[in-house]
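Comments concern the structure below.
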Amino acid sequence: MKSRIWLLVATALLSLSACKQKDTSVTIDASDTQAASSASEASETNATSTQTLSSNDGKISIVLDGDFTDVLDSASDWVDQSQVKNLTLLQHDDDSNITLAVNNLGVMKIKPDEYFKNLADSLKNNAAISKVKLGIATENRMNYRFSHQQNGTLLNESCVALVANGNLYTVCASSDSASDDALAATLKTINLQNS
């Protein structure tokens with residue numbers, strides 16, 4: 001059964017949008033590096049292939065194991081209609097039941113550290129989500145994960161908020177069946193392109 005993502009936090013992120021900041025390419029490691037490594041090793045033993053997925057705007061690429069296929073053309077089947085306009089990548093892997101989404105949320109209007117503090121507060125105080133776990137924010141990223149009910153199913157999401165080239169991006173891996181470790185492994189290597 002296909003579950004919809006309904007990226008709950010994207011709306012909150014839009015309301016917190018932030019000021020221009022220059023950034024360079026960076027590789028992002030999930031906050032639970034050991035767990036992500038363990039999940040990656042487990043994936044390798046299942047003979048999955050390594051893929052590089054790129055956002056439509058060419059700003060973000062993600063290297064991961066799996067068999068992800070593009071579902072951006074049917075985005076309204078996967079995410080709330082209000083979220084479709086921000087999507088620059090939407091991929092799903094049937095075997096792992098993980099959906100990967102990249103949102104370009106536009107130009108930052110506040111400093112990144114202030115944005116990440118606001119995001120952390122928003123996540124902690126959002127009664128619609130549970131199992132919130134926040135990573136330590138750096139100058140250009142913050143990892144976080146949470147769970148929420150969607151159509152009677154518990155959906156787990158592991159996300160990274162990124163500031164790159166003056167814009168704010170979110171990259172989220174979501175599933176109603178995959179483990180937190182598997183979701184974190186999906187976000188282990190995210191590359192940002194300069195320009």
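Mind listing just one residue for me: the one in region 68-102 that is part of a loop (DSSP other than H, G, I, E, B) and charged (D, E, K, R) and, of those, most open to solvent (accessible area, probe 1.4 Å)? Even if it seems obvious, please write down each step before you answer.
Quick first cut of region 68-102, residues part of a loop (DSSP other than H, G, I, E, B) only: 68, 71, 78-80, 94-97.
Applying the additional criterion that residues be charged (D, E, K, R) yields 80, 94-95.
On the way: Asp80: 43, Asp94: 123, Asp95: 140 Å².
If we take residues in region 68-102 being part of a loop (DSSP other than H, G, I, E, B) and charged (D, E, K, R), then Asp95 is most open to solvent (accessible area, probe 1.4 Å).
Output the residues belonging to region 124-156 that are assigned to a loop (DSSP other than H, G, I, E, B) and buried (at least 16 other Cβ atoms within 10 Å of the Cβ).
Once the filter is applied, which keeps residues that are assigned to a loop (DSSP other than H, G, I, E, B) and buried (at least 16 other Cβ atoms within 10 Å of the Cβ), region 124-156 yields Ile129, Gly135, Ala137, Asn140.
So is Ser31 modelled with pLDDT under 75 and open to solvent by less than 60 Å² (accessible area, probe 1.4 Å) or not?
Spelling it out, it is not the case that Ser31 is modelled with pLDDT under 75 and open to solvent by less than 60 Å² (accessible area, probe 1.4 Å).
Here is a yes/no grid of residues against (1) farther than 23 Å from Gly66 by Cα; (2) among the charged types (D, E, K, R); (3) in contact with an Asp or Glu (Cβ under 7 Å, 6 or more places away or on another chain):
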residue	(1), (2), (3)
His92	no, no, no
Asn103	no, no, no
Thr138	yes, no, no
Phe146	no, no, yes
Thr153	yes, no, yes
Gly166	yes, no, no
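Say we look at region 56-67 and pick out the residues that are assigned to a loop (DSSP other than H, G, I, E, B) and not charged (D, E, K, R); which of these is most open to solvent (accessible area, probe 1.4 Å)?
First, pick out the residues of region 56-67 that are assigned to a loop (DSSP other than H, G, I, E, B): 56-59, 66-67.
Imposing the further condition that a residue be not charged (D, E, K, R) reduces the set to 56, 58, 66.
Values: Asn56: 118, Gly58: 42, Gly66: 7 Å².
So the residue we want is Asn56.
The values are calculated or read from the model by the stated rules, or taken from the named source; none is laboratory data. Since we're looking at a predicted model, the values are computed, not measured. Glycine gets a Cβ as well: all are built from the backbone with ideal geometry, and neighbour counts include every protein chain shown. Protein only, heavy atoms only, side chains kept; ligands, DNA and RNA dropped before computing areas. Shrake-Rupley method; radii C 1.70, N 1.55, O 1.52, S 1.80 Å.
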